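Let me begin by presenting the structure, written as structure tokens, before commenting on it.
The values are calculated or read from the model by the stated rules, or taken from the named source; none is laboratory data. From a predicted model like this one, the values you see are computed outputs, not experimental measurements. Using ideal geometry, Cβ is built from the backbone for each residue, glycine included, and neighbour counts are taken over all protein chains shown. Areas reflect the complete protein model, heavy atoms only, side chains present, ligands, DNA and RNA absent. Shrake-Rupley method; radii C 1.70, N 1.55, O 1.52, S 1.80 Å.
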Amino acid sequence: MTSQTTLQSVPALGTRPASGSNPSRAETREQLSKASYDLLVIGGGILGISTAWHAAQSGLRVALVDAGDFAGATSSASSKLLHGGLRYLQTGAVKLVAENHFERRAVSRQVAPHLANPLTFYLPVYKGGPHGAAKLGAGVFAYSALSAFGDGVGHLLSPAKAAQDVPELRTDNLKAVAVYGDDQMNDARMALMTVRAAVEAGAVVLNHAEVTGLRFTKGRVTGAELRDRQSGDEFGVSARLVLNATGPWVDHLRKLEDPNAAPSIRLSKGAHLVLKRTAPWKAALATPIDKYRITFALPWEDMLLLGTTDEEFEGDPADVSVTEKDTAQILDEAAFSIRDQQLDRDLITYAFAGLRVLPGGPGSTAKAKRETVVTEGKGGMLSVAGGKWTTFRHIGRTVMQKLEALPGHPLGDDFEPISSLPKKLPLPGVANPRAVAHRLLVDNPAPGPRMAADTAKHLATHYGSLAFDIARLANDNPELAQRVHPDAPEIWAQVVYARDNEWAETTDDVLRRRTTLTIRGLATDDVRARVQDLLDKK
């Protein structure tokens with residue numbers, strides 16, 4: 001089947017399977033409206049998801065809702081890095097870097113080795129640049145030392161050797177290249193697996209469910225009124241405690257609790273570009289722009305990811321987008337270290353922007369701390385905002401510790417303190433992705449078609465051992481083993497799986513966050529129509 005084959009010919013695209021899939025939206029709405037929860041988390045970005053996961057692990061009855069898709073905003077618009085934060089060394093934040101490294105290693109080694117992969121970074125030192133070779137050499141050595149040299153020893157490399165690994169590297173006036181290691185991920189996939197972990201621990205979740213108001217009991221927030229954006233149905237959720245984890249919208253929800261609530265955050269826009277690669281890259285570039293900022297060029301999902309910007313944002317968070325000014329800035333800054341042929345605008349397949357949530361206050365957003373802020377409103381609603389993707393587990397545990405410490409024990413006593421739980425619980429699908437890919441390639445039963453190597457690798461590094469569930473769908477119906485688009489590794493079985501097992505409700509849910517088709521520039525009208533046809537058969 002090519003991309004031109006109609007989906008109507010696929011026999012297994014009817015109703016949802018009877019077992020092994022998520023409950024329907026109607027069933028979830030009924031469950032949410034009839035039960036009483038210990039904790040209602042409003043906001044399905046990574047902070048809310050992580051808190052829901054840890055709360056459910058503690059034995060709490062947890063509900064999680066989001067007005068859009070899980071990780072539908074900032075949490076799927078990051079630079080896709082799990083990193084210690086090299087630039088924080090410049091401000092003397094040694095302890096912070098060490099803590100970030102600990103979390104980075106925990107996620108990439110124990111919690112989600114199937115979703116994260118090590119990435120070597122080259123930091124080019126040009127004549128007249130903001131930093132000298134000796135300073136950067138010492139910096140990457142210290143950085144690797146704070147990671148207990150788990151990614152090798154930070155060192156300096158010759159321009160000639162670096163150019164072999166990054167063929168598009170500019171070598172004019174290049175004095176040296178500093179080398180260090182961090183990790184990379186697909187943020188949307190990491191978030192979805194964390195949602196799944198929360199559900200497996202007992203949480204009830206619903207995306208595309210908008211809060212229209214808060215419930216109050218004797219002046220305290222005890223739940224929320226919601227509207228299902230897919231069906232229009234209205235319902236409510238009651239909870240002992242409500243956590244506002246709505247990211248850029250955190251102050252909007254705080255005003256529903258208290259119309260006089262003062263602003264608590266400010267927003268910084270970070271834009272990125274995705275381009276086709278003109279040659280294979282074996283390392284990423286982290287190029288200093290000035291004393292504080294670095295621009296990244298990251299090999300990611302067979303593409304090249306460029307960014308990011310850091311500009312204060314005012315206005316409706318729903319309106320954030322990549323402007324011509326953002327595009328020009330990203331390409332101009334990338335040109336410091338990348339040859340022109342790799343920066344041709346015709347190579348751009350996708351552009352996206354997200355909003356960093358920063359503590360309120362004066363000064364440049366580039367210099368602002370990326371810290372998590374937890375506040376309690378007059379109605380007892382807790383609001384959490386800010387932080388880094390790298391420390392998402394730590395943030396979830398920290399929020400739980402704050403909930404446990406609240407006076408009056410609003411959560412009751414029937415839960416296990418977060419401090420007594422295992423600290424490195426793996427996410428679903430945890431496995432060695434190389435072993436999974438190998439099995440996918442050799443286990444195809446006759447007369448089924450052999451899976452393509454790029455598809456096997458893609459499934460292994462986006463689903464881990466859950467890739468075998470997708471392979472079974474493809475084996476049961478060979479039509480589902482065909483590619484969604486000839487130029488992408490995804491197969492139609494992933495769309496069915498996203499619909500039935502990963503809460504995908506819209507074409508963007510599938511194409512932007514469950515798969516990589518949008519970022520590759522392959523979410524054509526034809527593909528979108530066929531995906532919608534599948535979703536309509538739920």
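List of remarks:
- Strands (runs of 3 or more DSSP E) within the stretch 101-211 that include 1 or more residues over 30 Å from Ala26 (Cβ atoms) and in contact (Cβ under 8 Å) with a residue 60 or more places away in the chain: 116-126, 174-185
Each row is one residue, and each column tells you yes or no for (1) assigned to a helix (DSSP H, G or I); (2) under 19 Å from Tyr463 (Cβ atoms); (3) out of contact with any strand residue (DSSP E or B) (no Cβ under 6 Å at 6 or more places or on another chain); (4) at pLDDT below 95.
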position: Ala71; (1), (2), (3), (4): no, yes, yes, no
position: Ser78; (1), (2), (3), (4): no, no, yes, no
position: Tyr88; (1), (2), (3), (4): yes, no, yes, yes
position: Leu96; (1), (2), (3), (4): yes, no, yes, yes
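- Boolean, Gly379 is closer than 30 Å to Pro489 by Cβ, of a type outside the set (Ser, Thr, Tyr), surrounded by 14 or more Cβ atoms within 10 Å (Cβ to Cβ) and touching a Phe, Trp or Tyr at 6+ places or on another chain (Cβ under 9 Å): no
- The single condition among (1) small (Gly, Ala, Ser); (2) open to solvent by less than 50 Å² (accessible area, probe 1.4 Å); (3) more than 30 Å from Val107 (Cβ to Cβ) that Gly154 does not meet is (3).
- Meets criteria (touching a Pro at 6+ places or on another chain (Cβ under 9 Å) and modelled with pLDDT of 95 or more) for Arg196: yes
- Subset of the stretch 314-326 [open to solvent by 70 Å² or more (accessible area, probe 1.4 Å) and either in contact (Cβ under 8 Å) with a residue 60 or more places away in the chain or closer than 16 Å to Leu343 by Cβ (or both)]: Glu324
- Breaking point among (1) within 25 Å of Lys161 (Cα to Cα); (2) more than 19 Å from the chain's Cα centre (by Cα), for Asp316: (1)
- Remark: pairs (first residue in the stretch 328-355, aliphatic (A, V, I, L, M); second residue open to solvent by 70 Å² or more (accessible area, probe 1.4 Å) and at pLDDT 95 or above; Cβ separation under 7 Å; 6+ apart in sequence or on different chains) = Leu347/Lys276.
- Residue that is nearest to the chain's Cα centre (by Cα) [pool: residues in the stretch 291-313 that are closer than 22 Å to Arg339 by Cβ and assigned to a loop (DSSP other than H, G, I, E, B)]: Glu301
- Close Cβ contacts (under 6 Å, 6 or more residues apart or on different chains) running from residues in the stretch 233-247 that are crowded, with 24+ Cβ neighbours inside 10 Å to residues that are in a loop (DSSP other than H, G, I, E, B) comprise Val242/Met381; Asn244/Met381; Ala245/Gly43; Thr246/Gly43; Gly247/Gly45.
- Filter pass, Glu490 being touching a Lys or Arg at 6+ places or on another chain (Cβ under 9 Å), more than 21 Å from His208 (Cβ to Cβ) and either at pLDDT 95 or above or aromatic (Phe, Trp, Tyr) (or both): yes
- Of all residues in the stretch 157-179 being among the acidic types (Asp, Glu) and more than 17 Å from Leu119 (Cα to Cα), the one that is least open to solvent (accessible area, probe 1.4 Å): Glu168
- Of everything in the stretch 36-82 that is among the polar types (S, T, N, Q) and within 17 Å of Lys388 (Cα to Cα), the residue that is surrounded by the fewest Cβ atoms within 10 Å (Cβ to Cβ) is Ser79.
- If you go through the stretch 259-290 and keep only what is open to solvent by 50 Å² or more (accessible area, probe 1.4 Å) and outside any strand (DSSP E or B), you end up with Pro259, Asn260, Ala262, Pro263, Arg277, Thr278, Pro280, Lys282, Asp290.
- Residue count, the stretch 95-144 (criterion: under 26 Å from Leu169 (Cβ atoms) and not β-branched (Val, Ile, Thr)): 28
- Just so you know, in the stretch 104-143 the residues that are within 24 Å of Asp290 (Cβ to Cβ) and of a type in the set (D, E, K, R) include one that is surrounded by the fewest Cβ atoms within 10 Å (Cβ to Cβ), and it is Lys127.
- Residues in the stretch 363-390 that are assigned to a loop (DSSP other than H, G, I, E, B) and modelled with pLDDT under 80: Gly363, Ser364, Ala368, Lys369, Arg370, Glu371.
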